[in-house]
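What follows draws every value from the coordinates through simple rules; no lab data is involved. Note that the structure is predicted; figures quoted are calculated from it, not measured. Using ideal geometry, Cβ is built from the backbone for each residue, glycine included, and neighbour counts are taken over all protein chains shown.
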Amino acid sequence: MLVDPEKVKPNDVYAMMVQAITPRPIAWVSTISQQGVSNLAPYSYFNGICSKPAALMFSAVNKPDGSLKDTVRNILENRQFVVNVVPFGLAHPMSLSAQDLEYEESEFGISGMTETASRKVEPPSVMESPIQMECELLETVSVGQGPFAATVVIGKIVLMQIDDSVLDETGAIDPGQLDSIGRLGGDNYCRTTDRFTLQRAAGKQ
Ligand SMILES: Cc1cc2nc3c(=O)[nH]c(=O)nc-3n(C[C@H](O)[C@H](O)[C@H](O)COP(=O)(O)O)c2cc1C
């Protein structure tokens, strides 16, 4: 099968992309509005992009009416956000927080998660999440316009808070303890419990 995205409906392109690009890590992004209302939403168009400076990105697709999602609106206003890592035990609250609530309403309440003060940024972190990355906005990149277009948010990590419970005896993050989840297509997810080791081939790099 050959697919030319320009000849397929955007919804179908989306479905194919999220089935093809898997598994995707999930950024559970907390932000705050100028009025002080917190916001929490998952984003799986997400990855780390650089370690000096420590930086990550996620991409927020516009709402069906072409407007920005609350997360982006808040970040454009105060240039700060927190990426909280989602372990298997928080999958259900994460999913609850993906609901499109009114701008004035916080998804912390509906997901049952607890806001905790961040150390270097104003938006709160998710207390129950074992790893919280506090970020300052570096830049946004607009991709397309209107419905289905997106804003790529690039942030500099100014603080990583890692719960000792997910560290091994050497101080490294233990994937078994972290038990993070990934997103596949549709309503499907995967766990990181089935792992294998593959040594990188020697030679020119
Ligand atoms: C696991 C998961 C991953 C998601 N990833 C994205 C994403 O990468 N980009 C996006 O625009 N929406 C994504 N969504 C949908 C948003 O979370 C949803 O639109 C949410 O209501 C946005 O909230 P906000 O307007 O408060 O920012 C995802 C939803 C789920 C459940």
*Residues that are in contact (Cβ under 8 Å) with a residue 12 or more places away in the chain, under 23 Å from Val166 (Cα atoms) and surrounded by fewer than 16 Cβ atoms within 10 Å (Cβ to Cβ), drawn from region 92-120*: Ser95, Gly112, Thr114, Arg119, Lys120
*If you go through region 64-80 one residue at a time, do you hit one that is small (Gly, Ala, Ser) and either without any contact (Cβ under 8 Å) to a residue 24 or more places away in the chain or assigned to a strand (DSSP E or B) (or both)?*
yes
*Looking at region 120-156, which of its residues are closer than 29 Å to Pro64 by Cβ, small (Gly, Ala, Ser) and in a strand (DSSP E or B)?*
Ser142, Ala150, Gly155
*Matching residues in region 10-28 - criterion: being surrounded by 10 or more Cβ atoms within 10 Å (Cβ to Cβ) and within 23 Å of Gln145 (Cα to Cα)*: Pro10, Asp12, Val13, Tyr14, Ala15, Met16, Met17, Val18, Ile21
*Please work out if Ser59 is among the polar types (S, T, N, Q), under 27 Å from Ser142 (Cβ atoms) and over 16 Å from the mean Cα position of the chain (by Cα).*
no
*asked:* Could you go through region 91-101 and let me know if any residue there is closer than 13 Å to Ile154 by Cβ and small (Gly, Ala, Ser).
replied: no
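Could you check region 1-52 for strands (runs of 3 or more DSSP E) lying wholly inside it with 3 or more residues that are within 13 Å of the chain's Cα centre (by Cα) and within 12 Å of the ligand (Cβ to nearest atom)? Step through it out loud before you land on a result.
Values: elements: 27-32, 38-43, 46-51.
Correct list: 27-32, 38-43.
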